[in-house]
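The values are calculated or read from the model by the stated rules, or taken from the named source; none is laboratory data. Fair warning: this is a prediction, and the values are worked out from it, not measured in the lab. In this analysis, Cβ positions are derived from the backbone assuming ideal geometry, glycine residues included, and neighbour counts consider all displayed protein chains.
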Amino acid sequence: MLYILTRKGVCNLKTRKLPLGNRNIVGARVTEARKKLGIKQTELLGKLQLENIEISAPALSLLEGQKRPVLDFELNALADILGVSVNWLLGREEQTMN
């Protein structure tokens, strides 16, 4: 189990136990790109915050689990941060990551 420090104290992050959802097609690609870069969700959250994208840890987990829709401005920021194209995140093209 992973623990992170939040404004409200220590929060534990659990391994996903529920099956993937069908609310977006981007989540699996976000997870793939994030893991290839060797960054944790908390690091991705920090990078998103630097881009003025406010998303909580549970919301990012839901996004990666394909249970939360992705907003257009989140999609652009995720592509930039992860070094991939929006089309790759949408499953429209194959791409080698930067």
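Could you list, in sequence order, all residues of the stretch 57-83 that are out of contact with any Ser or Thr (no Cβ under 9 Å at 6 or more places or on another chain) and in a loop (DSSP other than H, G, I, E, B)?
66, 69, 70, 71, 83
What tally of residues in the stretch 51-67 results from selecting those that are at pLDDT below 95 and over 11 Å from the mean Cα position of the chain (by Cα)?
So the count comes out to 2.
Kindly indicate the residue of the stretch 4-39 that is charged (D, E, K, R) and modelled with pLDDT of 90 or more and also surrounded by the fewest Cβ atoms within 10 Å (Cβ to Cβ) among those meeting that condition.
35
Taking the stretch 71-88 as the region of interest, how many residues are charged (D, E, K, R) and buried (at least 20 other Cβ atoms within 10 Å of the Cβ)?
Of the residues in that region, 1 qualify.
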